[in-house]
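A short worksheet on the structure shown next.
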Amino acid sequence: MLIWNVESEAVGVNFREVRARGLRPGRLFRCGYVSACTPEDAAVLRDRYGIRTVIDLRSARETAAYGPPQSLIDAGLDWVQAPLTGYSGAAVAAPRPTTADVVRYYHGILTDAYDACWPGLFTALALAAPEPFLVCCHFGKDRTGLAVASVLDLLGCPRDDIARDYAESARDLVAQVDRFQDKWLRRGHTRDDYLHRMQVRDETMHTLLSEVRERHGGLVPFLSRRGVSPTALATVRAELSAPGA
């Protein structure tokens, strides 16, 4: 039985170990806003959690605006850029998008990202998977949420576990919402609007997984059709499956 203990040492924004039945413990971590990580954060990631690679899903434009994760690089972690880009954000342009809006947005990331994005991401995952690694984007909830959900679905993890991990982002994002003031001011939104955005709900992931299964036969068949190689999928599955799973 999996013990759902989500407490972890405070590092950066929205950092945690991913836990799910069927996933090898201590191998997959997720985070947001890695450019804000301090040297102390970097030391914790490297020395306490053993993280060796940071897979960054942000675009080149975001990296230019907010900077690379310099503290992590200086601490000797490998920074791998695997951007998920090319899709529209129109579905979540309203100040307070609904669950249906967010699901449409996630469908867009899956279907409209540039052709090289998903194959490139899984190549990076396969290379990083033999040691503890971190997946991140700006908030650590949308692109990172999809990437992690894809890995967990590949491993055959229960959908309730996938949705629970996704929804856990709300805890720290709500607590640290003021870090993102520049984004709501630039868009003409309010702090309350962004608190609404940070209330990540498990029903969103449940709905997405159901719709992807209905439309595409599931995340794994979809990824295969998007050009993710069988070798990358097999390597990720072999390295990240829990012993005996």
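Output the peptides 146-154, 210-218 sorted from most to least packed, where packing is the average of other Cβ atoms within 10 Å over each peptide's residues.
Result, highest mean first: 146-154, 210-218.
Quick one: among 128, 75, 65, which has the greatest mean-square fluctuation in a GNM of the chain with alpha-carbon springs under 10 angstrom?
65
Name the most mobile residue of 142, 193, 161, meaning the one with the largest mean-square fluctuation, in a Gaussian network model of the chain with Cα contacts below 10 Å.
Comparing 142, 193, 161 in the GNM, the peak value goes to 193.
How much length is gained if the chain between residue 185 and residue 101 is pulled fully straight, taking 0.36 nm per residue apart and subtracting their Cα-Cα distance, in nm to one decimal?
Working: separation 84, 0.36 × 84 = 30.24 nm, distance 2.13 nm.
Length gained, residue 185 through residue 101: 28.1 nm.
Would you mind computing, in nm to one decimal, how far apart the modelled labels at residue 36 and residue 70 are, each placed 7 Å from Cα along Cα→Cβ?
1.7 nm
Rounded to the nearest Å, what's the spacing between the alpha carbon centres of segment 172-195 and segment 87-129? Just the number, please.
Taking the Cα centre of each part, segment 172-195 and segment 87-129 sit 21 Å apart.
How big, in percent, is the set of alpha carbon pairs in segment 95-189 lying more than 18 Å apart?
56 percent
Work the Kirkwood hydrodynamic radius out for segment 17-138: mean of 1/r over every pair of different alpha-carbon atoms, inverted, in Å.
On the way: mean 1/r = 0.0645 Å⁻¹.
It works out to 15.5 Å.
Within segment 73-161, what whole-number % of the accessible surface is contributed by carbon and sulfur, with the 1.4 Å probe and all protein chains included in the calculation?
Working: 1680 of 3180 Å².
Of all accessible area on segment 73-161, carbon and sulfur atoms account for 53 percent.
Please check: in the Gaussian network model of the chain (C-alpha springs, under 10 Å), which one of 19, 186, 96 has the largest mean-square fluctuation.
Sorting by GNM fluctuation, first place goes to 186.
Can you list residues from other chains, or at least 5 along the same chain, whose modelled amide H is less than 5 Å from the amide H of residue 16?
30
Report the local net charge at residue 156: Lys and Arg +1, Asp and Glu -1, summed over other residues whose C-beta lies under 14 Å from its C-beta.
+2
Report the calculated FRET efficiency for residue 199 and residue 160 (r = Cβ-Cβ distance, R0 = 22 Å), to the nearest 0.05. Mind dumping the intermediate values first?
Numbers: r = 19 Å, r/R0 = 0.87.
Taking R0 as 22 Å, the efficiency between residue 199 and residue 160 is 0.70.
The values are calculated or read from the model by the stated rules, or taken from the named source; none is laboratory data. Only a predicted model underlies this, so the values are computations on that prediction, with no experimental measurement involved. We place every Cβ from the backbone using ideal geometry, glycine too, and count neighbours over all the protein chains shown. The protein model used for the area step is the full one, side chains on, heavy atoms only, and it has no ligands, DNA or RNA in it. Shrake-Rupley method; radii C 1.70, N 1.55, O 1.52, S 1.80 Å.
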